[in-house]
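The values are calculated or read from the model by the stated rules, or taken from the named source; none is laboratory data. This structure is a prediction, so every number in the text was calculated from the model and none was measured. All Cβ positions, glycine included, derive from the backbone under ideal geometry; neighbour counts span all protein chains shown.
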Amino acid sequence: MKAGFLPKLLLSPSAFLVLICVYGYIMFTVYLSFTTSTMLPAYDLVGPASYQRLVGMYNWQVSVANLAIFAVLFIGIAGTLGLTLAILIDQKIRAENAFRSIFLYPMALSLIVTGTAWKWLLDPGVGLEHSLRSLGWESFRFGWIKTSELAIYCVVIAAVWQTTGFVMAMFLAGLRGIDSEQVNAARVDGARASQIYRRVIIPQLGPIVVSAFVILAHMAIKSYDLVVALTNGGPGRSTWLPSVFMYQYTFTRNEMAIGAASSVLMLLVIGAIVLPYGLREMRAARDA
Amino acid sequence: MPDMHVAAGAIAPIGHGSTTGVDVERIALYGLLGVMALLFLMPVYVMVVNSLKPLDEIRTGNLLAFPHHWTIQPWLTAWSTAQIGVQPTGLRPYFINSFLLVVPAVTISTLLGALNGYILTQFRFRGSHLLFAAILFSVFIPFQIVLIPMAMTLGLLRLAGTVTGLVFVNVVYGIGFTTLFFRNYYAAFPVELIRSARIDGAGFFSVLGRVLLPNSAPIIIVTVIWQFTSVWNEFLFAASFSDFSSFPITVALNNLVNSSTGVKEYNVHFAGALVAGLPTLMVYLLSGKYFVRGLMAGSVKG
């Protein structure tokens, strides 16, 4: 039905809010990144000076390097572990619902909650190191969270724990939708289970691998809560991510133009990952 | 183990091409799943047992042990006397703030999502596809990109540092998800039902109120659960736009754990974390199916 006046009128508040508070604000932030804004916004355009300063900043380089380590490990481990759990659960096991619920429940919790749990678990003075030593394993050492070069791996551990169940649920939905004829044909031909998975089933999960990658990559770039709760960026600045950098420079260091520039770079990277995927999905939906 | 896994099924019986060694494989399978399950349960187990111990038992003992002396004192402290703001109020006022935030934010964003989904699927107008794509992409953006202008807007509207301001922000950035959920649901809605209602003279609101909404229970549940979990757990906006009078529970918990001076009361921190986590955990346990469905449909949240 062609839209009359009323439908358009009722859609307009949402459309207006999204256009202003998403796209208008993006343009405003892009504009600020080309100014000399410090504590308050300034409106003098000075070109890409903020970006030149930003990429030369040690704190930004640390944040980007951390994000690279974090994203690669987080996506790789959560993806692999999620697929493995999905395959294990797909073996007609008993208590399937119980196992699924256990692997997925961290997704229902705030990252501040799980960050608190992991913060003390990984803390050598009270957590696993202290506990295993008090049980008699005197030489046990696990102090990564207090070590600058290793603390980022603690963020990976907690993030993998939080998200793996979700990846599992995605892959499990994919496994349940697989063409059973090919699987049966392979089995009749005498293929082993591992061969069936490697040659027949996993290749059919391609679209889910792509979706999972896009979702995990975008989660990694947006990660903020977990770092704040787990390490608060420390020790020192060793677990800063671009999200932490942006917040610090904008709100506590009064470098608004630098903060704006850093958020623009975050948006560009997410856009480069999400837009091709989104366009392809939309084209597929239209052709279907 | 009985041979239930050899039952007929789509791709069920792979994993045991031969009959020998089946039991060993099954035992290994359950063993592996069991170990993984324990690893996944461990952090919550640690939170629960240590929230019921006196502090010196944590310092001298170990985090994995059961309490010797059971006590609910850490819960009482976390709830009503821990120092978070200026006053030693515990988490209670912030827990209440979270409810004052979540109830209107979830209600408004769900209603707008239903309305938008209805209009975007049942009416044709120029630019509707582009508008939907624009709404859809909005759920992917890193919210850092809107923090500065949103802070200025809330200041102009005199909503900075208020729960109302946080309701506004969570509604604005929740519309993308709720619209997506309802649009996909209504796109698959039987056309005949709507057409026959229109032939009977139903107008814009009757179609929505008498035909669509009464048949929308599943998607309403999915949306409410999704929004409840996201808004309750939200931290970035809350940390940026609230103050001591309007902190939601996530910010209060983070302050409790990270800014405590002097003795670190681990047991109180664990009890506080459980207080903050219980509402969403309850929702998850009571409605796991709908939670997973929302997760699958809106799996873009960071």
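Apart from one condition, residue A:55 fits all of (1) within 27 Å of residue A:218 (Cα to Cα); (2) within 10 Å of chain B (Cβ to nearest Cβ); (3) of a type in the set (A, V, I, L, M); the exception is (2).
When region B:137-153 is limited to residues that are at the interface with chain A (Cβ under 7 Å from one of its Cβ atoms) and more than 26 Å from residue A:42 (Cα to Cα), the one that is nearest to the chain's Cα centre (by Cα) turns out to be B:140. Among the conditions (1) in a helix (DSSP H, G or I); (2) loosely packed, with under 15 Cβ neighbours inside 10 Å, the only one that residue A:39 does not satisfy is (1). Across region A:130-160, the number of residues qualifying as farther than 28 Å from residue B:247 by Cβ and either at the interface with another protein chain (Cβ under 10 Å from one of its Cβ atoms) or not in a helix (DSSP H, G or I) (or both) comes to 18. Restricting attention to region A:251-266 and to residues that are facing chain B (nearest Cβ under 9 Å) and under 15 Å from residue A:54 (Cα atoms), the residue that is nearest to the chain's Cα centre (by Cα) turns out to be A:266. Taken together, the criteria exclude residue A:55 from residues that are under 26 Å from residue B:277 (Cα atoms) and either modelled with pLDDT of 95 or more or crowded, with 20+ Cβ neighbours inside 10 Å (or both). Considering region A:3-18, the residues that are part of a helix (DSSP H, G or I) and more than 7 Å from every other protein chain (Cβ to nearest Cβ) include one that is nearest to the chain's Cα centre (by Cα), namely A:16. For region B:236-274, the set of residues classified as facing chain A (nearest Cβ under 10 Å), under 30 Å from residue B:146 (Cβ atoms), in contact (Cβ under 8 Å) with a residue 40 or more places away in the chain and hydrophobic (A, V, I, L, M, F, W, C) consists of B:236, B:238, B:249, B:251, B:252, B:253, B:256, B:273, listed by residue number. Of the residues making up region A:187-198, those that are more than 9 Å from chain B (Cβ to nearest Cβ) and more than 17 Å from residue A:84 (Cα to Cα) number 2.
With respect to residue A:167, determine if the residue is touching a residue at least 60 places away in the same chain (Cβ under 8 Å), among the β-branched types (Val, Ile, Thr) and closer than 23 Å to residue B:292 by Cα. Criteria met by residue A:167.
Under 24 Å from the mean Cα position of the chain (by Cα), within 12 Å of chain A (Cβ to nearest Cβ) and not β-branched (Val, Ile, Thr): is that true of residue B:168 in this structure? Against the criterion (under 24 Å from the mean Cα position of the chain (by Cα), within 12 Å of chain A (Cβ to nearest Cβ) and not β-branched (Val, Ile, Thr)), residue B:168 qualifies. Filtering region A:105-129 to residues that are part of a loop (DSSP other than H, G, I, E, B) and out of contact with any Ser or Thr (no Cβ under 8 Å at 6 or more places or on another chain) leaves A:122, A:123, A:124, A:125, A:126, A:127.
Here residue B:122 meets each of (1) more than 8 Å from chain A (Cβ to nearest Cβ); (2) over 23 Å from residue A:222 (Cα atoms); (3) of a type outside the set (Phe, Trp, Tyr) with one exception, condition (1). Would you be able to say whether some residue in region A:161-179 is surrounded by 23 or more Cβ atoms within 10 Å (Cβ to Cβ), in contact with a Cys (Cβ under 6 Å, 6 or more places away or on another chain) and under 25 Å from residue B:276 (Cβ atoms)? No - not one qualifying residue is present in region A:161-179. Per this entry, residue A:183 is counted among residues that are at negative phi, within 9 Å of another protein chain (Cβ to nearest Cβ) and crowded, with 17+ Cβ neighbours inside 10 Å. Given the structure, is residue A:3 surrounded by 14 or more Cβ atoms within 10 Å (Cβ to Cβ), over 24 Å from residue B:170 (Cα atoms) and in contact with a strand residue (DSSP E or B) (Cβ under 7 Å, 6 or more places away or on another chain)? Taking the combined requirement at face value, the residue satisfies it.
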